[in-house]
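First comes the structure, then the notes that go with it.
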Amino acid sequence: MTVSLALRNQPGRVSEAVRKRVMAVAGKLGYQPDARITSWMSQVRASKVRELVPLAWLNADKDEDVWHRKKDLIPYFEGARKRCEELGYRLIDEFWLRARGMTGRRMSQILFNRGIRGVIVTPFDMIFHTGLAWGNFAVASFEKSLVAPRLHQVTQDHHYNTMLALKHLRRFGYRRIGVFLSAWSDTRSYHACHGAVAYFHLQTPAEERVPVLMQKARNEPGPEFRPWLREHQPDVVVGQHSELVRWVEAEGYRVPQDIGVVHMALEDDCASWAGVWACKREIGAATAELVIAQLHNNSFGLPKTSHDVRITGRWHPGRTLLTPKPVKTQKTPSPKVRRAQRKP
């Protein structure tokens, strides 16, 4: 610090004798100041307000406000924004790829003209292709849905999280574990959840295995749900939808007294449930770090080899599961269940 102050000839900060001695040694060593760096550093020191570098949050969903409205998605944005601020960046969320008349080329021009070089691309509501001018940007995404091109991305560790839930349930005394998977989510995870269930079934007796039921519709259980519950009589239903408790109760079962319910991707929307906490804020933060690391390395454009960062969840106890499972002498169905069972 003393040498820097002396070389900058700061009056009152170092004594005249020290300043002359430092300048004499610098002259012998051939020191010459770089005018460009000196000017730039003067501006930095003179600035009283830190100017954050902009990063774009590129919304690729058909819903313009989805990342600020849905409780299960808000944590992704909050995690990314907080991490950006910690690292000296500002996350701008006003870019909507599905706006009327918007194209990948036009969006690329808007971002470039705004001086934005780093972009977080949100997941699409469907398996999707898009065409930005990738060479101008450092880009990353999260929760796989972009088929092409392959970007660096951060995802939940679906296989680990599924095994975590199943092993906890087994430890709690549950034997007939019914898994109700979203077909869309399973496809997007490259069937990691389904694969974990298949492996788990290899370790359990055949009479305890409940076949996986795939949820084909996004916002309803489907006609197969009721007969699946009746035929296989699971002790607990493991799924990924925030309406799962309501769907089970609509069939006449009490949760958790008759059937437990476990969510495999918990966040703020189902914080009181039992299941695996998905760590979506950490996923958002890690995605921001991927983009910022590329900016620091002047790495722009599509990667030759994309990196997948997987964030493991953690078990979260909640009101939808009795732990350990109570021992029952005889299960008495509710009147509504008995009526449904009598129907042909």
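The values are calculated or read from the model by the stated rules, or taken from the named source; none is laboratory data. Given the structure is predicted, the values throughout are model-derived calculations rather than measurements. Neighbour counts run over all protein chains shown; Cβ positions are idealised from the backbone, glycine included.
Some points to look at:
- With respect to the conditions (1) closer than 26 Å to A60 by Cα; (2) of a type outside the set (D, E); (3) assigned by TED's automatic domain parsing to the domain that holds V261; (4) modelled with pLDDT of 90 or more, V212 lacks only one, and its number is (1).
- For the stretch 221-237, the condition holds for no residue, the condition being that it is β-branched (V, I, T) and surrounded by fewer than 19 Cβ atoms within 10 Å (Cβ to Cβ).
- Number of positions in the stretch 278-309 that are surrounded by fewer than 20 Cβ atoms within 10 Å (Cβ to Cβ) and either in contact with a strand residue (DSSP E or B) (Cβ under 7 Å, 6 or more places away or on another chain) or closer than 30 Å to V248 by Cα (or both): 9
- Tallying residues that are part of a helix (DSSP H, G or I) and not aromatic (F, W, Y) within the stretch 170-199 yields 14.
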